[in-house]
Structure formats: structure tokens, C-alpha cells
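Coordinate-derived values only; no laboratory data. As the structure is a computational prediction, the values presented were derived from the model and not from experiment. Methodologically, a virtual Cβ is constructed for each residue, glycine included, from the backbone with ideal geometry; neighbour enumeration extends over all protein chains shown.
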């Protein structure tokens, strides 16, 4: 068991957890930030996507001991108004379970590539699974939110 101070959504948070505990469970069980979802536990589906210093990571695959001084942003702390508005305008969500991870991945894409084409969108979003199949609406929302 170790004591860790994490910068989560801009605020320092102290937690006690085993060093190998995945960040996903620290966020959900220790900090009460349940917007980040458990999907597969193997880093395959993308439901648990968060940002570490602005880059998308699978929280189920990152042990808390590996965070160090990196800034953690969860769906609760995501400031991407244009993307969120586009998500609503394109009526992306159906069941909604994968949406936090989808939004986090899309925000990381738009941060790195402000005006991505369809190929770039598809490549960036390829590993985020949506059981409802809203991929075309996801792509449309990202295009809508992209800076011209």
C-alpha cells in the first residue's frame, strides 16, 4: 500500500492504494469519479480513456504508481464545450456507456489535430468500441467540433 498525490482535474488529490492498482479503480473507488467506465479491463475497448498531460490513455492499464506528476483529466474535468455541443447536436449517444471514453479520445485528437480529416478521425477513434454502432455520428460530431 502506498500513498499517492495525484493532480486530477486540476486539483491535488491524495489516495492510499496498492502500487499496482489501475488508475481506473483509483478514480472510481478511491476518488468517487465514476464517469470513467470499466469496459474490458484489457485496454481494448476505450471505455476507461482518460488524459495524462493531455494525451489519451486507458486507465485500466496504467498503475497508479506510474502517474508521477502527470496531470490526470477525467470526463468530469473535460473542458471541451464545442465537442460536447457537437455530440449533442449529432445525437451521438444511445446507451451512453462508451461515451466518456469516446469524448476523451476525441478531445485528445482535436487537441493534437485541430482539423482532422475522416481518415485521421477513423484512425484515432478506431480502438474505442461502441456497441450501439454510433461511429458515423461520432465522426460527424468530431468534424462539427473541428476548427476550420
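One table, with the values for the structure above:
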{"read-out": "With Cα atoms, 0 to 90° folded angle of helix 135-145 axis to the chain main axis", "value": "90 degrees"}
{"read-out": "Gap separating the Cα centres of the stretch 30-69 and the stretch 87-127, nearest whole Å", "value": "17 Å"}
{"read-out": "Approximate spin-label separation residue 94-residue 7, in nm, with each point projected 7 Å along Cα-to-Cβ", "value": "4.0 nm"}
{"read-out": "Spacing of the two label points (7 Å from each Cα toward its C-beta) at residue 55 and residue 20, in nm", "value": "2.4 nm"}
{"read-out": "Computed [θ] at 222 nm, deg cm²/dmol, the chain (DSSP H ≥ 4; -39,500 (n - 2.57); rounded to nearest 500)", "value": "-8500 deg cm²/dmol"}
{"read-out": "Residue 29 versus residue 115: modelled label distance in nm, points set 7 Å from Cα along the beta carbon direction", "value": "4.7 nm"}
{"read-out": "Sorted by Cβ density within 10 Å, fewest first, the residues 50, 62, 92", "value": "62, 92, 50"}
{"read-out": "Gain in span if fully extended, residue 40 to residue 79, counting 0.36 nm per residue against the direct Cα distance", "value": "11.4 nm"}
